1. Would you confirm whether or not the stretch 93-109 contains a residue that is at pLDDT 95 or above, in a loop (DSSP other than H, G, I, E, B), open to solvent by 100 Å² or more (accessible area, probe 1.4 Å) and over 23 Å from Gly131 (Cβ atoms)?
2. Go over the candidates Phe50, Phe79, Phe85 one by one and state the one that is surrounded by 12 or more Cβ atoms within 10 Å (Cβ to Cβ) and touching a helix residue (DSSP H, G or I) at 6+ places or on another chain (Cβ under 9 Å).
3. Based on this model, can you work out whether His60 counts as farther than 30 Å from Arg83 by Cβ, of a type outside the set (D, E, K, R) and under 30 Å from the mean Cα position of the chain (by Cα)?
4. Yes or no: Ile63 loosely packed, with under 10 Cβ neighbours inside 10 Å and either modelled with pLDDT of 95 or more or under 30 Å from Lys21 (Cα atoms) (or both)?
5. Is there a residue being outside any loop (DSSP other than H, G, I, E, B), closer than 22 Å to Leu123 by Cα and at pLDDT 90 or above anywhere in the stretch 66-77?
6. Which of the residues that make up the stretch 56-65 are of a type outside the set (Val, Ile, Thr), in contact (Cβ under 8 Å) with a residue 24 or more places away in the chain and either in a loop (DSSP other than H, G, I, E, B) or in contact with a helix residue (DSSP H, G or I) (Cβ under 6 Å, 6 or more places away or on another chain) (or both)?
7. For a quick check of your reading of the model, give me the residue pairs whose first member lies in the stretch 112-127 and is on the phi > 0 side of the Ramachandran plot and touching a residue at least 60 places away in the same chain (Cβ under 8 Å), whose second is of a type outside the set (Val, Ile, Thr) and not in a helix (DSSP H, G or I), with beta-carbon atoms closer than 7 Å and at least 6 apart or on different chains.
8. Starting from residues that are among the hydroxyl-bearing types (Ser, Thr, Tyr) and closer than 28 Å to Thr99 by Cβ, keep the ones in the stretch 1-34 and report whichever is modelled with the highest pLDDT.
Amino acid sequence: PEVMTKATVQPLVRKAKVYKKRTHFKRYQSDQFKRVGESWRAPRGIDGKFRRKFRGTARHVNIGFGSDHKTKHLLPNGFLKFRVFNAAEVDVLMMNNRTHCVEIARTVALEKRREILQRCLELNIRCINAGVTRYDEEEGAAE
């Protein structure tokens, strides 16, 4: 098998990602009743103390908790993820190799995966799952 080296492109200098709230917003009274799910719903009761934001109640979903636009969807390695299914889709990132990295879709088989990796090397684009091989491909090679 051919040994392919990874592209060593570094991301552009970006500001640090700030996490304003790490826990999820839970639906009011979801801890009291089984029939009330945990996923957030806006309170609509006419007399509800939670809707009226009385002291001592939980925090509401608010636009201020949103991520900074410049760091939203940013991976820990400093790149934004771009999923590809074939080698031609890698060419889209030709001019954006400092901001985006390639993620090969999990349905891509071994032959196309090698083509994608080769194209990433030519264009100096980082692939975040370059070393991943699927179980059935490993078995097929062993037989």
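The values are calculated or read from the model by the stated rules, or taken from the named source; none is laboratory data. Keep in mind it's a predicted model, so treat the numbers as computed, not measured. When we count neighbours, we look across all protein chains shown, and the Cβ atoms used for this are built from the backbone with ideal geometry, even at glycine. Accessible surface is based on the protein model in full, side chains and every heavy atom, while ligands, DNA and RNA are left aside. Shrake-Rupley method; radii C 1.70, N 1.55, O 1.52, S 1.80 Å.
1. No, the stretch 93-109 has no match at all.
2. Step by step, each of Phe50, Phe79, Phe85 is checked, and only Phe85 is surrounded by 12 or more Cβ atoms within 10 Å (Cβ to Cβ) and touching a helix residue (DSSP H, G or I) at 6+ places or on another chain (Cβ under 9 Å).
3. Answer is yes for this residue.
4. For Ile63, the condition - loosely packed, with under 10 Cβ neighbours inside 10 Å and either modelled with pLDDT of 95 or more or under 30 Å from Lys21 (Cα atoms) (or both) - is met.
5. yes
6. Here is the first cut: in the stretch 56-65, the ones of a type outside the set (Val, Ile, Thr) are 56, 58-60, 62, 64-65.
From what's left, in contact (Cβ under 8 Å) with a residue 24 or more places away in the chain: 58-60, 64-65.
Within the stretch 56-65, Ala58, Arg59, His60 meet the criteria.
7. Asn124/Ala7; Asn124/Asn97
8. Only one residue fits best here, namely Tyr19.
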